[in-house]
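Trainee: Here you go, one structure.
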Amino acid sequence: MAKHDTPLLDELEKGPWPSFVTDMKRQAETHPECWDILGQLELSYEDRITHWKHGGIVGVFGYGGGIVGRYSDVPDRFPGVEHFHTVRIAQPSGLYYSTKNLRALMDLWDKYGSGMTNMHGSTGDMIFLGTRTENLEPLFWDLTHDLDQDLGGSGSNLRTPSCCLGESRCEWSCYDTQDICYHLTMHYQDEIHRPAFPYKFKFKFSGCPNDCVAAIARSDFAVIGTWKDDIQIDQAGVKEYMAGNYPSNGGAHSGRDWGAFDIKKEVIDICPTNCMWMEGDELKIDNSECTRCMHCINVMPRALKPGKEKGATICIGAKAPILDGAQFATMVIPFIKVSKENEYENVIDVIEQIWDWWMEVGKNRERVGETMQRIGLPTFLRVMEVDAMPQHVREPRSNPYVFWKEEEVEGGFERDVEEFRRKHAA
Amino acid sequence: MASIEHNGTSYEVDEDGFLLNGSEEWDENWVDYVKSVEGINDMTDEHQKVIDALQEYYKKNGIAPMVRILSKTTGFPLKRIYELFPSGPGKGACKMAGLPKPTGCV
Ligand code: HEM
Ligand code: HEM
Ligand code: SF4
Ligand code: SF4
């Protein structure tokens, strides 16, 4: 595979930033097919259209997902990317790798693929970019036998679950994100590897409302840590912050001089629900109004902590369809205990309640969030056997004379209006 | 586009090995070929039932059925379908039935 002239791409090497073009040129020294990626991309820039074909179907025996088939539509000019399949590989929970494991993974990909990776994709797993069909079975064999690792999900199945690093390093975590992520990955092997859903379905686990894995924006089933009781306040700590003895935000802003810490300006006035105030030199919080946004805790971690009664909120149905645009997940279950003691049985019940319904009524290639929208939240809540509450409501209705359920209307929707009016003659 | 040959008959296929001309070129010899490349040992009545269900649905609807519908019409749970077709209902069974490549991206 020859080197191609890439004047347009070369522009992307200018400036002080890292450049994928430079990286790929370096990679091409040992994997010459990378010249053809660059060549094809240059051609796409000239033609202003992609030269990758629409998705192909490739895989390994026993699995229906995990590998995304990709082909070039100009294979004669760029034989190195004639096949350029993407392999998804399940990441360790919380992304803890040993260097030994990373080396083994890179050696594996050096042997069977282009060596190009994306660590990590939006789904959360490792994305290995670019291999040929005939390499898939040997790659899978080595991956599962030598490295004891597995493919992730792709297609209309449960995608590789992912989580924040949770309790392993983060004091704010309200449950063990890594454990539930691993547990459910093992529990749902069939759903991950053998697509049977209307469309993709993603789990993401964040230990607290900072939501470091962006579960609320990117997953069909977002489990976000929260607490039921009050934010724990250490008044002595508050005083230290106010006196300037503790750096705010854990020192994250120390590179620039923002002036002395001002608790009113930086915390109390920007609490989104206005539920904080000072009484003398004591900080007070009206916890019934707090939305657990984490702002005050992020600013003063040595004075404020999440409460003690911990669990999670479940939000359902984030999606980013190309035509409709992005949509956050909807809060459905405000508080649920997340505990390995019952092997997450209560969380599993919620998941399966969604699946049973979605597999029945979901249309082909419809994310659960779209099904919810099509059917309506009131119906969805009934399916989930969750009582509606104010937090489910975006805005109060403006017309109180609308009835959604027949049993709320005396005589039903088909009642004889003439007959009814006779009793209320003007 | 590529073509492949099996027992003296040649077939036009796409890059993933699906028949380009569908039912026009589909025959028992094609079934025998797919059997050899998709990890199937012996054709059984159960394989045939899946193939028939796929072709029937495709004739009626012009697309391949969702996996759940395939399970329902054949009465085979997904697990059984993977036992019959190790590369799955899409890559294995649809290919053998001569259906065009199921769409679907990532
Ligand atoms: C000028 C060329 C390119 C530009 C401007 C570009 C830009 C981007 C941007 C902005 C993202 C999103 C990053 C993020 O938010 O995390 C992204 C992600 C990605 N890009 Fe590129 N990219 C280019 C070329 C390529 C090429 C040539 C490949 C592969 C051969 C590639 C593969 C990917 C992948 C796999 C992702 C990750 C998607 C994900 O995380 O969901 N990109 N790219
Ligand atoms: C018109 C063509 C394409 C469309 C509309 C498309 C659309 C998408 C969308 C919507 C996602 C996000 C899926 C998600 O929710 O996780 C995605 C992910 C991805 N796409 Fe494409 N894609 C196209 C072509 C390609 C091509 C040609 C390649 C590679 C050569 C590619 C590689 C990837 C990869 C690696 C990801 C996964 C990233 C991750 O899981 O984080 N895509 N694509
Ligand atoms: S989501 Fe919360 S618990 Fe998880 S790492 Fe981020 S801040 Fe910590
Ligand atoms: S967590 Fe957010 S809403 Fe709650 S008290 Fe702190 S700043 Fe206010």
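The values are calculated or read from the model by the stated rules, or taken from the named source; none is laboratory data. Worth saying up front: this structure is predicted, and the values here are computed from it rather than measured. Because the Cβ atoms are built from the backbone with ideal geometry, glycine has one as well, and the counts that use them run over all protein chains shown. All accessible areas refer to the heavy atoms of the entire protein, side chains included, with ligands and DNA or RNA removed. Shrake-Rupley method; radii C 1.70, N 1.55, O 1.52, S 1.80 Å.
Per-residue answers, yes or no, for (1) outside any helix (DSSP H, G or I); (2) open to solvent by 30 Å² or more (accessible area, probe 1.4 Å):
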position: B:4; (1), (2): yes, yes
position: B:39; (1), (2): yes, yes
position: B:68; (1), (2): no, yes
position: B:73; (1), (2): no, yes
position: B:86; (1), (2): yes, no
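Trainee: Is it true that some residue in segment A:334-350 is in contact with a Ser or Thr (Cβ under 6 Å, 6 or more places away or on another chain), surrounded by 13 or more Cβ atoms within 10 Å (Cβ to Cβ) and at pLDDT 95 or above?
Mentor: yes
Trainee: Would you say residue B:35 is away from chain A (no Cβ under 14 Å), at pLDDT 90 or above and part of a helix (DSSP H, G or I)?
Mentor: no
Trainee: If you go through segment A:34-61 one residue at a time, how many are touching a residue at least 24 places away in the same chain (Cβ under 8 Å), more than 12 Å from ligand 2 (Cβ to nearest atom) and under 27 Å from the mean Cα position of the chain (by Cα)?
Mentor: Adding up the residues that qualify gives 3.
Trainee: Still on this model: Give B:46, B:12 a once-over and let me know the one that is within 25 Å of residue A:71 (Cα to Cα), more than 12 Å from chain A (Cβ to nearest Cβ) and open to solvent by 20 Å² or more (accessible area, probe 1.4 Å).
Mentor: That would be B:12, the only listed residue that is within 25 Å of residue A:71 (Cα to Cα), more than 12 Å from chain A (Cβ to nearest Cβ) and open to solvent by 20 Å² or more (accessible area, probe 1.4 Å).
Trainee: Let me ask something else. Only residues that are away from chain B (no Cβ under 14 Å), closer than 27 Å to residue A:158 by Cβ and either within 16 Å of ligand 2 (Cβ to nearest atom) or part of a loop (DSSP other than H, G, I, E, B) (or both): list them for segment A:77-104, please.
Mentor: A:89, A:90, A:91, A:92, A:95, A:96, A:97, A:98, listed by residue number.
Trainee: Does residue A:252 count as open to solvent by 20 Å² or more (accessible area, probe 1.4 Å) and of a type in the set (A, V, I, L, M)?
Mentor: Yes: the conditions hold for residue A:252.
Trainee: Right, next: Please state which of the following conditions residue A:199 fails to meet, knowing it meets all the rest: (1) in contact with a helix residue (DSSP H, G or I) (Cβ under 9 Å, 6 or more places away or on another chain); (2) within 16 Å of ligand 1 (Cβ to nearest atom); (3) at pLDDT below 95.
Mentor: It fails just one condition, (2).
Trainee: Now for a separate question. Hey, can you tell me all the residues within segment A:58-98 that are within 15 Å of ligand 1 (Cβ to nearest atom) and aliphatic (A, V, I, L, M)?
Mentor: If the condition is that a residue be within 15 Å of ligand 1 (Cβ to nearest atom) and aliphatic (A, V, I, L, M), then A:67, A:68, A:74, A:81, A:87, A:89, A:95 are the ones that fit.
Trainee: Does segment B:76-99 include one or more residues that are touching a residue at least 60 places away in the same chain (Cβ under 8 Å) and more than 30 Å from residue A:358 (Cα to Cα)?
Mentor: no
Trainee: Among the listed residues A:362, A:411, A:376, A:369, identify the single one that is open to solvent by 30 Å² or more (accessible area, probe 1.4 Å) and among the small types (Gly, Ala, Ser).
Mentor: Going through A:362, A:411, A:376, A:369 in turn, the sole match is A:411.
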